[in-house]
1. Starting from region 119-131, take each residue that is among the aromatic types (Phe, Trp, Tyr) and list its partners that are surrounded by 23 or more Cβ atoms within 10 Å (Cβ to Cβ) and assigned to a helix (DSSP H, G or I), counting only C-beta distances under 9 angstrom and pairs at least six apart or across chains.
2. Tally up the residues in region 6-27 that are surrounded by 10 or more Cβ atoms within 10 Å (Cβ to Cβ) and either modelled with pLDDT under 65 or of a type in the set (Gly, Ala, Ser) (or both), please.
3. State all residues of region 89-144 that are within 16 Å of Asn58 (Cα to Cα) and aromatic (Phe, Trp, Tyr); if no residue qualifies, say none.
4. When only residues in region 129-170 that are modelled with pLDDT of 90 or more and of a type in the set (Lys, Arg) count, which is farthest from His65 (Cα to Cα)?
5. Can you spot a residue in region 58-73 that is crowded, with 22+ Cβ neighbours inside 10 Å and of a type in the set (Val, Ile, Thr)?
6. Give the residues of region 58-77 that are in contact (Cβ under 8 Å) with a residue 24 or more places away in the chain and assigned to a helix (DSSP H, G or I), sorted by residue number.
7. Given region 78-171, what strands (runs of 3 or more DSSP E) lie entirely inside it while holding 2 or more residues that are β-branched (Val, Ile, Thr) and at positive phi?
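The values are calculated or read from the model by the stated rules, or taken from the named source; none is laboratory data. Predicted, not measured: the structure shown is a model, and the values here were computed from it. So basically every Cβ, Gly included, is an ideal-geometry build from the backbone, and we count neighbours across all protein chains shown.
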Amino acid sequence: MPWRTLKQIARVGILTEAPPQPGPWPVDGGPAHEIAAQLREVLGRAVAIRAVDAGSCNGCELELHALTNPYYNIEGLGIKFVASPRHADLLLVTGPVAAHMEAALRRTYEAVPAPKRVVAVGSCACDGGVFGESYASRGRIANVIPVDATVEGCPPAPVEILRAILRVLTR
């Protein structure tokens with residue numbers, strides 16, 4: 001870096017804006033620690049979620065991934081994603097059920113220990129979306145496995161997904 005640039009940095013200083021002040025947590029129901037305590041009271045431990053893409057465009061998966069960023073920080077609430085349905089307390093299913101995913105979705109549902117809880121995420125999972133039912137699509141998730149809650153939207157906001165998770169787990 002040339003000396004002229006270093007001199008300018010020293011003379012002018014840092015020209016970025018101040019970081020934002022922490023505000024209220026984005027989910028209704030209070031601060032993160034209260035929600036975490038409520039979940040531990042209901043289940044007695046952390047919540048394990050298995051996400052299943054039954055044939056989506058991946059828009060809803062991007063919103064699921066956003067739940068793990070520092071803003072939503074669901075792991076701080078005691079909610080984590082797991083790879084095996086045998087360890088899951090809840091299934092989050094996205095997309096319309098593609099014909100070739102129907103058997104896999106059923107097997108995944110059967111592998112989840114009781115009580116089985118399922119949240120359909122996105123318009124396609126709730127009502128088939130633009131795909132509907134056809135030779136290649138079984139349509140909505142409820143056509144294949146029982147669904148406890150739905151989250152409409154294309155794609156739904158991460159906070160709406162989290163609200164549905166909390167609603168299903170605290171029933």
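1. Phe131/Cys124
2. The first filter runs over region 6-27 and keeps only residues surrounded by 10 or more Cβ atoms within 10 Å (Cβ to Cβ), leaving 6-9, 25-27.
Cutting the leftovers down to either modelled with pLDDT under 65 or of a type in the set (Gly, Ala, Ser) (or both) gives us 25-27.
Selection size over region 6-27: 3.
3. Result: Phe131, single match.
4. Selected residue: Arg138.
5. Within region 58-73 (the criterion being crowded, with 22+ Cβ neighbours inside 10 Å and of a type in the set (Val, Ile, Thr)), the answer is no, since none of the residues qualifies.
6. Gly59, Cys60, Glu61, Leu62, Glu63, Leu64, Ala66, Ile74, Gly76, Leu77
7. So the answer is none; nothing clears 2.
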